[in-house]
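Below is one structure, written out as structure tokens, with a few remarks after it.
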Amino acid sequence: MSRTRASASRLFVPHKASRAEQRAARAGFAEARRQARLAGTPLKHRAEQTFDPELRPTYPPTGRPGPASARGGKLHLPAHRMTTATASGAYPFVAEGGLGAEGVFIGRDVHAEAAFCFDPFSLYSSGRIEGFTNPNAVLAGIIGMGKSALAKSIAARSIAHGYRIYIPCDPKGEWSGVSQALGGYSIALGPGLPGRLNPLDAPARPASVTEEDWVTEVRKRRLLLLAGLARTVLKRDLLPMEHTALDLALDLVVAEANARGTVPLLGEIAYVLGSPERLDRALGHQAGQLGSAAQDLAHALRRLVHGDLSGMFDAPSTVTFDPTAPMLSIDLSRLGGSGDDTGLVLAMTCASAWMESALSDPDGGRRWVIYDEAWRLMRHVGLLERMQSQWKLSRGLGIANLLVIHRLSDLLSAGDAGSRGRVLAEGLLADCSTRIIYRQEPDQLDAAASLLGLTGVETQAVSALTKGRGLWKVAGRSFITQHILHPAERELFDTDARMSAKGAEFTKPEALPAHRVQEVRR
């Protein structure tokens with residue numbers, strides 16, 4: 001069977017032909033080549049390749065011809081409007097406009113290529129960020145990623161904005177040099193040290209509180225402190241009769257101290273609890289039922305008088321609380337080194353009660369309260385209850401709490417699901433409008449994503465963060481921020497000095513030259 005053969009060759013186009021003539025020549029050549037291919041196709045195959053009339057393309061493969069072809073910049077589409085919330089959801093880290101220029105300079109917004117500033121007080125008072133309901137923050141990151149440097153940088157730079165810094169627990173002694181360099185002071189507590197704190201000291205009465213109301217408030221604080229100390233040592237809740245014994249012992253000791261013109265001491269409380277006759281006489285009509293029930297309490301408080309914590313909290317205070325100091329830290333590095341955190345927790349409880357006198361002053365100004373290495377505190381319900389009180393009252397007290405931990409799963413170590421400790425720890429996280437996440441280990445990503453509600457993009461970003469770079473979630477808005485340190489800050493905040501120091505060549509923070517200290521203050 002004969003087969004039709006056809007071919008097409010390119011036409012001659014004069015060199016001086018116009019562009020329209022050249023396009024027409026090329027179009028004619030393409031059509032001739034298509035006709036040649038079609039002529040060489042058998043009729044049967046040609047019928048199979050024929051399109052249904054309704055399925056034929058409206059325009060050729062080269063596109064729509066004419067001025068409406070979207071070529072040449074002549075296309076005009078109606079404007080499409082969307083909210084920034086929708087745009088940020090479709091393009092995370094790209095459509096974010098930042099938090100503004102108010103507050104402490106942190107570093108560089110990686111995606112916006114702009115400065116990143118943060119001030120929880122101004123963000124809360126301005127109300128320009130929806131969902132920012134409190135000034136509290138949590139900072140999590142594995143060892144060596146720069147979370148401690150960020151916490152210290154926030155503290156140091158906040159002083160320049162008129163804020164005061166309190167560190168109620170410094171378990172590694174890293175804040176002492178920072179406090180001294182910034183014009184504050186540090187109180188070191190431990191066996192053999194001269195520092196003494198009497199947690200039963202009565203704070204100064206605010207001018208807005210009457211004398212009668214203040215006496216009631218001081219008594220309530222002292223009872224809460226004594227109950228917290230007893231629960232920590234006994235590792236259980238107190239019985240109703242034990243609460244009554246504490247109540248009576250405190251009233252007896254305070255009455256005797258007022259008669260002498262002195263302050264009550266923990267040792268006196270422990271002595272009265274160990275004297276059944278005095279408690280029974282004070283109880284009156286229920287005599288003979290209380291003395292034996294208070295024996296466990298007496299032995300529990302005896303640890304602070306004659307045990308491993310003796311000499312720290314059983315004597316009048318040798319230091320005074322200066323609420324006007326820019327920074328105050330409680331150095332507890334000499335406690336809890338043996339693996340038993342009970343001593344550290346008892347000291348933390350006493351120191352917190354001592355510092356609350358300044359926190360409760362409504363005229364104390366805005367303050368940061370930083371809990372460093374807070375993972376050691378998560379296992380103790382008594383401390384979590386005190387921290388929860390500060391978290392809930394942060395707006396009324398004018399304080400911003402910063403919780404520094406290694407992993408988000410540290411919050412889960414507070415107890416089993418549904419336990420009191422677990423509920424308190426998760427409540428602290430829920431009351432933090434700011435979450436700062438530095439790099440997490442791969443096996444911790446699921447826990448971090450679950451607790452913080454991270455998206456897939458954010459979870460992937462957390463796993464790839466480098467040193468000094470963190471994911472900031474501020475009331476649901478996300479930023480990748482690179483923390484920038486001044487050279488003086490880098491030397492002052494160095495937590496790896498022992499790993500890199502050579503013998504005695506390491507320069508201690510308190511030995512920095514005067515001009516370096518002034519530079520940090522600025």
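The values are calculated or read from the model by the stated rules, or taken from the named source; none is laboratory data. Just so you know, these numbers come straight off a predicted model, no measurement behind them. Cβ sites come from the backbone with ideal geometry, for glycine too, and all protein chains shown count toward neighbours. SASA here: full protein model, heavy atoms, side chains in, ligands and nucleic acids out. Shrake-Rupley method; radii C 1.70, N 1.55, O 1.52, S 1.80 Å.
Put simply, the amide H of A400, placed in the peptide plane, has neighbours under 5 Å in R367, W368, V369, leaving out anything fewer than 5 places away on its chain. Across the stretch 201-210, rounded Karplus estimates of 3J(HN,Hα) from the backbone phi angles (6.51 cos²θ - 1.76 cosθ + 1.60, θ = phi - 60°) give 4, 8, x, 5, 6, x, 5, 7, 10, 6 Hz, Gly and Pro being marked x.
Enclosing the Cα atoms of the stretch 124-221 in their convex hull gives a volume equal to 212 cubic angstrom per residue. Evaluated over the Cα positions of the stretch 405-501, the convex hull gives a direction-averaged projected area, one quarter of its surface, of 7.9 nm².
Just the number, please: Stokes-Einstein D of the stretch 346-438 in µm²/s, Kirkwood Rh from C-alpha pairs, 20 °C, 1.002 mPa s. Answer, rounded: 156 µm²/s. Close amide H partners of R469, meaning residues 5 or more places away or on another chain with modelled amide H under 5 Å apart, are H483. Applied to the stretch 155-165, the Karplus parametrisation 6.51 cos²θ - 1.76 cosθ + 1.60 on θ = phi - 60° returns per-residue 3J(HN,Hα) values of 5, 5, 6, 5, 4, 5, 8, x, 8, 10, 10 Hz, with x for Gly and Pro. Across the stretch 220-235, computed HN-Hα scalar couplings (Karplus, 6.51 cos²θ - 1.76 cosθ + 1.60, θ = phi - 60°) run 4, 5, 5, 5, 4, 5, 4, 5, x, 4, 5, 4, 5, 6, 6, 6 Hz from first to last residue, x flagging Gly and Pro.
The share of Cα pairs per 10 Å bin across the stretch 183-306, counted from zero up to the longest distance, runs 12, 39, 33, 14, 2, 0 percent. Rounded to the nearest 20, the Cβ-based charge dipole of the stretch 210-305 about its Cα centre (Lys and Arg +1, Asp and Glu -1) stands at 440 debye. For the set Y124, Y371, Y271, Y185, the ranking by accessible area, highest first and with no ligand, DNA or RNA atoms included, is Y271, Y124, Y185, Y371 under a 1.4 Å probe. A 1.4 Å probe, protein heavy atoms only, puts the accessible area of S208 near 100 Å².
Evaluated at 20 °C with a viscosity of 1.002 mPa s, what Stokes-Einstein diffusion coefficient in µm²/s does the stretch 421-467 have when Rh comes from the Kirkwood expression over alpha-carbon pairs? In µm²/s, the coefficient is 187. For the stretch 443-494, what is the Kirkwood hydrodynamic radius in Å, using each pair of distinct C-alpha atoms? Roughly 12.5 Å, rounded to one decimal. Compared with the alpha-carbon gap, the fully stretched path from L445 to E31 is longer by 143.0 nm at 0.36 nm per residue. Take the stretch 349-460 with all the other protein chains still there, run a 1.4 Å probe, and you get 37 Å² of accessible area per residue.
The simple spin-label model puts a point 7 Å past each Cα toward its Cβ; for T216 and A430 those points are separated by 3.0 nm. Between K16 and A188, the modelled label-to-label distance comes to 9.9 nm, taking each label 7 Å out from Cα in the direction of the beta carbon.
Other residues within the sphere of radius under 13 Å centred on the Cβ of D119, judged by their own Cβ, net out at +2 (K and R +1, D and E -1). Working from label points 7 Å from Cα in the Cα-to-Cβ sense, the E130 to R196 distance is 5.8 nm.
Is the shape of the stretch 236-279 rounded, prolate or oblate, going by the alpha carbon gyration tensor and its root eigenvalues a ≥ b ≥ c, with a/c under 1.5 for rounded and a/b larger than b/c for prolate? Taking the square roots of the gyration eigenvalues as a ≥ b ≥ c, the stretch 236-279 is prolate. Taking 20 °C and 1.002 mPa s as conditions, the stretch 388-456 diffuses translationally at an estimated 163 µm²/s according to Stokes-Einstein applied to its Kirkwood radius (Cα pairs). Set against the 2.2 N^0.38 Å expectation for a compact globular protein, the stretch 165-204 has a Cα radius of gyration ratio of 1.31.
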